[in-house]
Amino acid sequence: PSRGSRLQEIEAFNEEFANRPDNMRLVNGVYEIPVVVNVVYKTTAQNISDAQIASQIDALNKDYNATNADLSKVPSNFQSVKAGNTNIRFVLSKVVRKVTTKTSWTTNDAVKKSTGITPTTPTTSLNIWVCNLSGGILGYAQFPGGASATDGVVIDDNAFGTTGTVSAPFNKGRTATHEIGHWLNLRHIWGDANCGNDQVSDTPLHNTANYGCPAAGHLSTCTGKPVEMTMNYMDYSDDACMYMFSAGQKTRMLASFATGGGRNSFAKP
């Protein structure tokens with residue numbers, strides 16, 4: 001109940017933030033997010049290289065700063081609502097490695113505890129756990145408002161970065177882009193319900209998740225049958241077929257850093 005109350009407070013704050021353009025001013029121009037990558041491995045292949053880790057940080061910075069080469073693919077009907085530079089920059093702080101006898105991990109957060117690696121300064125560092133996730137899961141994230149002891153993002157080692165052990169269709173680092181979107185309070189674009197609400201006004205209604213590479217102009221079955229934004233990072237499309245945030249999603253993420261926001265502890269004075 002207490003967490004539910006906190007989430008409602010964050011949601012109310014997000015709406016207030018979006019309605020006050022003056023809140024868009026950034027104190028230092030850029031929000032730099034220190035990143036701690038926790039590699040939990042059993043096999044040599046799972047102990048991903050520093051180069052693979054660096055490739056993921058690079059992909060994140062391109063995606064969040066709208067310098068990704070495939071941004072040019074955004075169709076004309078969404079050009080007016082695509083986000084520009086979010087002014088969020090990810091900086092690798094350190095890499096922590098731990099060998100384990102455990103073959104795979106689930107979404108029960110065990111990898112974040114002493115059986116895996118406990119988080120480093122989670123109120124001021126984004127912790128990312130890289131491990132072998134079971135059940136075909138690519139990753140999962142904790143939204144703002146949760147416990148610090150489990151805060152962060154977990155990514156499968158075969159979907160982390162753009163080189164090394166990754167393979168198509170999850171080889172462009174977009175799993176982390178998507179999951180960190182959740183960490184910054186973005187919901188799935190279909191609102192986790194049939195024609196659900198993602199709390200962002202400039203994303204069209206999606207009846208459900210999209211997979212693979214949907215055809216251009218794919219229509220929703222929701223009211224008005226809008227063209228779906230299948231190339232949005234918060235859908236489930238393949239890495240090569242997702243390449244944009246919307247302006248509304250940018251506003252929602254930045255709200256996290258303002259006073260009263262769920263990630264305010266990351267904002268520098």
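The values are calculated or read from the model by the stated rules, or taken from the named source; none is laboratory data. In this text, all values refer to a predicted model and were calculated from it rather than measured experimentally. Here the Cβ is made from the backbone with ideal geometry for all residues, glycine too, and neighbour counts use every protein chain on show. The area values use the complete protein model at the heavy-atom level, side chains included, leaving out ligands, DNA and RNA. Shrake-Rupley method; radii C 1.70, N 1.55, O 1.52, S 1.80 Å.
Please arrange Thr230, Thr162 by accessible surface area, largest first, computed with a 1.4 Å probe and ligands excluded. Each step should come with its number before you reach the end.
Details: Thr230 10, Thr162 65 Å².
So the residues, ranked largest to smallest area, are Thr162, Thr230.
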For every helix of n ≥ 4 consecutive DSSP H residues, a contribution of -39,500 (n - 2.57) applies; sum these over the chain, divide by its total residues, and give [θ] at 222 nm rounded to the nearest 500 deg cm²/dmol.
-6000 deg cm²/dmol
Accessible surface, per residue, of the chain when the full set of protein chains is kept, probe 1.4 Å, Å²
43
At 7 Å along the Cα-to-beta-carbon direction for both Ala54 and Ala147, put a label point, then send me their distance in nm to one decimal.
3.7
Under a point-charge model restricted to the Cβ atoms of Lys and Arg (+1) and Asp and Glu (-1), what is the dipole moment magnitude of the range 95-172 relative to its Cα centre, in debye to the nearest 20?
160
Using the charge dipole of the chain (Lys, Arg: +1 at Cβ; Asp, Glu: -1 at Cβ; taken about the Cα centre), state which of Val99, Leu126, Ala66 has its Cα farthest towards the positive end.
Val99
From the cross-link list Lys94/Lys250; Lys62/Lys94; Lys225/Lys250; Lys82/Lys172, the entries with a Cα-Cα span beyond 22 Å are Lys94/Lys250; Lys225/Lys250
Per principal axis, descending, Cα span of the range 76-147 in whole Å
50, 30, 23
Fraction of antiparallel bridges per DSSP, the chain only, in percent to nearest 5
20
Work out the length of the dipole vector of the chain about its Cα centre, built from +1 on the beta-carbon of each Lys and Arg and -1 on the beta-carbon of each Asp and Glu, and round it to the nearest 20 debye.
540
For the chain, would you read off the P(r) tail past 22 Å as a percentage of all alpha carbon pairs?
55
Expressed in Å to one decimal, the Kirkwood Rh of the range 72-198 from all distinct alpha-carbon pairs is 16.2
